[in-house]
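Trainee: Quick one: structure below, then a few questions.
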Amino acid sequence: MEQSRCRESANSSSFSRSVYSEIEEVGWEHLVRLSEDLKFLSFRVIDKKGRVHCMEIQLDKNYPRSPPSISADVPYIFNLKWSRKSRLKDLLQQFREHLEKLQEIWNILDEIDKSLWVIDLKNPSRANVCRQINLGYNCIIMLSIHIDDPSSLPECRFMGSDPMVNSLRKTWQRNSKRWNKDKPFVENVANLLETQLPRPPEHENNYQQVECGICYAQFLPIDEELGAKSGGGTDYTCDNSSCSKAFHSVCLGDWLRSITTTRQSYDVLFGNCPYCSEPVAVKISIARK
């Protein structure tokens with residue numbers, strides 16, 4: 001029994017050293033979350049277009065003999081290449097290569113989002129390759145991008161007033177052979193429908209991502225120790241427009257305190273955003289110093 005305990009303790013110690021060593025190789029500045037048992041990790045990765053991605057990793061008890069499980073907000077997950085000699089840095093490199101393969105999909109979706117009246121666009125998932133577009137006259141077209149050939153003719157579905165929908169559907173089918181992969185995606189859609197597509201409505205976009213990028217909750221718990229922030233929502237947003245991640249200042253402060261490069265001046269912590277590495281500064285309460 002004692003021998004079994006010693007063996008288990010040794011294995012646990014070896015596992016911890018291995019995980020810490022591999023995080024060091026990747027860089028602690030890229031780590032977003034790490035569970036107490038060290039079996040769940042998430043890393044921030046920025047692609048060549050400046051888009052911020054988060055990859056979640058679940059380590060098996062037999063790691064690295066058994067490959068980790070991975071998840072991310074992408075249209076599909078790559079086939080992981082793994083051996084007993086593989087390390088976390090190899091996993092992240094495969095993820096970066098996968099992100100590059102998805103750039104054309106996201107470029108087209110960004111073009112649609114900026115140019116057309118897209119419905120429910122508050123915080124679209126990077127995994128979603130569909131868009132619902134308001135065409136006016138109570139008509140909506142749902143476009144689905146092909147992940148294997150993003151610039152090709154998309155699948156479409158029309159919804160709305162029957163007479164108008166029937167007319168648009170016939171026009172789309174009649175002109176479908178005119179789709180030209182060398183032309184911009186939005187231009188192709190307009191050409192097939194033989195109409196000018198409505199632009200995004202002018203409105204104040206005061207919406208920010210409501211879930212905290214650290215605790216993943218919309219509101220802080222009700223806790224006397226949090227004082228005036230008890231039960232509060234996200235109150236800090238990264239200034240980097242390519243990131244704009246929202247946080248509870250309490251969570252961001254706690255996270256910054258765990259990073260050795262963080263500096264403190266009076267009641268302000270200076271560090272880097274856990275997602276995009278741009279400078280952040282957050283005021284902390286005396287009670288949580």
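The values are calculated or read from the model by the stated rules, or taken from the named source; none is laboratory data. Owing to the predicted nature of the structure, the values given are computational and were not obtained by experimental measurement. Neighbour counts run over all protein chains shown; Cβ positions are idealised from the backbone, glycine included. Ligands, DNA and RNA are stripped out before the accessible areas are found, and what is left, the full protein with its side chains, is counted by its heavy atoms. Shrake-Rupley method; radii C 1.70, N 1.55, O 1.52, S 1.80 Å.
Trainee: Determine which lysines satisfy two conditions relative to K81: a Cα distance under 26 Å, and not lying fewer than 8 residues away in the same chain.
Mentor: In chain and number order, the partners are K39, K48, K49, K61, K89, K101.
Trainee: I've got another one for you. So which residue, out of L226, L116, L153, gets the largest mean-square fluctuation from a GNM of the chain using Cα contacts under 10 Å as springs?
Mentor: Comparing L226, L116, L153 in the GNM, the peak value goes to L226.
Trainee: Same structure again: Using +1 at the Cβ of each Lys and Arg and -1 at the Cβ of each Asp and Glu in region 82-183, identify which of L88, V118, I141 lies farthest towards the dipole's positive end.
Mentor: L88
Trainee: Which value in nm describes the separation of the simple spin-label points at Y20 and E111, placed 7 Å from the Cα toward the beta carbon?
Mentor: Placing both labels 7 Å beyond Cα along the Cβ direction yields 5.0 nm.
Trainee: Now a separate question. Applying the Karplus parametrisation 6.51 cos²θ - 1.76 cosθ + 1.60 with θ = phi - 60° to the phi angles of region 98-110, what ³J(HN,Hα) value in whole Hz is obtained for each residue in order, glycine and proline being reported as x?
Mentor: Running phi through 6.51 cos²θ - 1.76 cosθ + 1.60 with θ = phi - 60° gives 5, 4, 5, 5, 9, 4, 5, 4, 5, 5, 5, 5, 5 Hz.
Trainee: For a Förster distance of 51 Å, can you work out the FRET efficiency between the beta-carbons of D254 and W82, rounded to the nearest 0.05?
Mentor: Between D254 and W82 the formula returns 0.95.
Trainee: For Y236, list long-range residues whose amide hydrogen, built 1.01 Å from N in the peptide plane, is under 5 Å from its own amide hydrogen.
Mentor: F247, S249
Trainee: Excluding same-chain residues fewer than 8 positions from K85, which aspartates and glutamates have a Cα within less than 18 Å of its Cα?
Mentor: List returned: E22, E24, E25, D60.
Trainee: Give the accessible surface of the chain per residue, rounded to a whole number of Å², with probe radius 1.4 Å and ligands, DNA and RNA excluded.
Mentor: Per-residue accessible area for the chain comes out at 59 Å².
Trainee: How much FRET efficiency would the formula 1/(1 + (r/R0)^6) give for E29 and F270, where r is the Cβ-Cβ distance and R0 is 22 Å, rounded to 0.05?
Mentor: So, using R0 = 22 Å, E works out to roughly 0.95.
Trainee: Ordering H248, H30 by how much accessible area each has at a 1.4 Å probe, largest first, what is the list?
Mentor: From most exposed to least exposed: H30, H248.
Trainee: Further, regarding this structure: Just need the relative contact order of the chain here, percent rounded to a whole number, with Cα pairs under 8 Å and 6+ apart.
Mentor: 12
Trainee: Enter the angle in degrees (range 0 to 90, nearest 10) between the Cα long axis of helix 162-175 and the first principal axis of the Cα atoms of the chain, meaning the one along which they spread out most.
Mentor: Once rounded, the angle reads 90 degrees.
Trainee: Per residue, how big is the convex hull around the C-alpha atoms of region 219-283? Give it to me in cubic angstrom, could you?
Mentor: Hull volume over Cα atoms, normalised by residue count, gives 85 Å³.
Trainee: A follow-up question, please. Using only Cα atoms, find the angle between the long axis of helix 2-26 and the longest principal axis of the chain, and express it within 0 to 90 degrees, rounded to the nearest 10.
Mentor: Approximately 50 degrees, to the nearest 10.
Trainee: Around F40, which amide H atoms from residues at least 5 apart in sequence, or from another chain, sit under 5 Å from its own amide H, with H modelled in the peptide plane?
Mentor: S35, L59
Trainee: Right, something else. Round to the nearest 0.05 the FRET efficiency obtained for A228 and R178 when R0 = 41 Å and r is the Cβ-Cβ distance.
Mentor: Efficiency computed from Cβ-Cβ geometry: 0.10.
Trainee: Net charge near S151: determine it from the other residues with C-beta under 12 Å of the C-beta of S151, scoring Lys and Arg +1 and Asp and Glu -1.
Mentor: Residues close to S151 contribute a combined charge of -4.
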